[in-house]
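Comments concern the structure below.
The values are calculated or read from the model by the stated rules, or taken from the named source; none is laboratory data. For clarity, every value in this text was computed on a predicted model and none was experimentally measured. Using ideal geometry, Cβ is built from the backbone for each residue, glycine included, and neighbour counts are taken over all protein chains shown. Ligands, DNA and RNA are excluded from the accessible area calculation, which covers all protein heavy atoms including side chains. Shrake-Rupley method; radii C 1.70, N 1.55, O 1.52, S 1.80 Å.
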Amino acid sequence: LDVGAIVATTYAHKTGHTADPDHDLLLPLPADIDPILGVFVAQMGPIAANGILHADADAVGRDITELGSGIAGRPVVVLGAGTVGLMTALFAQKLGASEVIIADPSPFRRGKAQDMGIAAMTEDAVWQHAKARWHNGGSDRGADVVFQTRAHAGSLHTALKTLKPQ
């Protein structure tokens, strides 16, 4: 890296950090990018990708060859339209989920999701939508994959209601 290069790195929950190239993973960013956006590269993006990797492992086992192999072609719900929820939903769209819906109680956050091209609805509406529209016969109704990114017990309950029986 050149001196003065704009980089992203992880440093946990601190207000500042002196990066050490001998100990920290430094990810170079384009020179014209606002450095504050590095948080998405080094912190929030990996959190969202890690959730998708867990879904991949659940669907295909330990031999994951490609990010998103467990969600490709499957309907996905994301509960919570904060930063991690929005990134998870965007990843799911890009990685080939058959449909992605984000649910959040905030009209403002649902609007932001819709501005990004993600279908959005309330938590009460999303589980009903999944059960009414996503089915493979019999009682196999609901979402194949649900990511619960909202730190609220009611959202976890909704996530479990939204899933198809497993």
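For residue 81, the stated conditions hold: it is touching a strand residue (DSSP E or B) at 6+ places or on another chain (Cβ under 7 Å) and either assigned to a loop (DSSP other than H, G, I, E, B) or among the basic types (Lys, Arg) (or both).
Considering (1) in contact (Cβ under 8 Å) with a residue 60 or more places away in the chain; (2) of a type in the set (Val, Ile, Thr); (3) open to solvent by 40 Å² or more (accessible area, probe 1.4 Å), the lone condition that residue 122 does not fulfil carries the number (1). Restricting attention to region 55-70, and to residues there that are closer than 26 Å to residue 161 by Cβ and touching a Phe, Trp or Tyr at 6+ places or on another chain (Cβ under 9 Å), which single residue is surrounded by the most Cβ atoms within 10 Å (Cβ to Cβ)? Top of the filtered list is 55. Anything in region 101-118 that is open to solvent by less than 50 Å² (accessible area, probe 1.4 Å), within 17 Å of residue 158 (Cα to Cα) and either without any contact (Cβ under 8 Å) to a residue 12 or more places away in the chain or out of contact with any Leu (no Cβ under 9 Å at 6 or more places or on another chain) (or both)? List them, or say none. Of everything in region 101-118, those that are open to solvent by less than 50 Å² (accessible area, probe 1.4 Å), within 17 Å of residue 158 (Cα to Cα) and either without any contact (Cβ under 8 Å) to a residue 12 or more places away in the chain or out of contact with any Leu (no Cβ under 9 Å at 6 or more places or on another chain) (or both) turn out to be 101, 106, 110. Of the conditions (1) under 20 Å from residue 73 (Cα atoms); (2) touching a residue at least 60 places away in the same chain (Cβ under 8 Å); (3) hydroxyl-bearing (Ser, Thr, Tyr), residue 98 satisfies every one except a single condition; which number is it? Status for residue 98: all satisfied but (2).
Scanning region 134-153 for residues that are open to solvent by 30 Å² or more (accessible area, probe 1.4 Å), over 20 Å from residue 90 (Cα atoms) and not charged (D, E, K, R) yields a count of 7.
For region 15-30, does any single residue satisfy the condition of being over 24 Å from residue 110 (Cα atoms), among the small types (Gly, Ala, Ser), more than 21 Å from the chain's Cα centre (by Cα) and open to solvent by 90 Å² or more (accessible area, probe 1.4 Å)? No, there is no match, as no residue in region 15-30 is over 24 Å from residue 110 (Cα atoms), among the small types (Gly, Ala, Ser), more than 21 Å from the chain's Cα centre (by Cα) and open to solvent by 90 Å² or more (accessible area, probe 1.4 Å).
Exactly one residue out of 38, 45 is under 30 Å from residue 163 (Cβ atoms), open to solvent by less than 70 Å² (accessible area, probe 1.4 Å), assigned to a helix (DSSP H, G or I) and not basic (Lys, Arg), and it is 45.
Condition check for residue 153 on (1) more than 23 Å from residue 49 (Cα to Cα); (2) over 18 Å from the mean Cα position of the chain (by Cα): one failure, at (1).
Under the condition of being at pLDDT below 95 and part of a loop (DSSP other than H, G, I, E, B), the residues counted in region 113-166 number 14.
Regarding residue 31, is this residue closer than 22 Å to residue 91 by Cα, outside any helix (DSSP H, G or I) and out of contact with any Ser or Thr (no Cβ under 6 Å at 6 or more places or on another chain)? Criteria not met by residue 31. When region 73-98 is examined, which residues are found to be aliphatic (A, V, I, L, M) and either open to solvent by 60 Å² or more (accessible area, probe 1.4 Å) or at pLDDT below 95 (or both)? The answer is 90, and nothing else. Return the pair list, or none, for Cβ contacts closer than 7 Å from residues in region 1-14 that are over 21 Å from residue 32 (Cα atoms) to residues that are open to solvent by less than 50 Å² (accessible area, probe 1.4 Å) and part of a loop (DSSP other than H, G, I, E, B), at least 6 apart or on different chains. Hits for this filter: zero, empty list.
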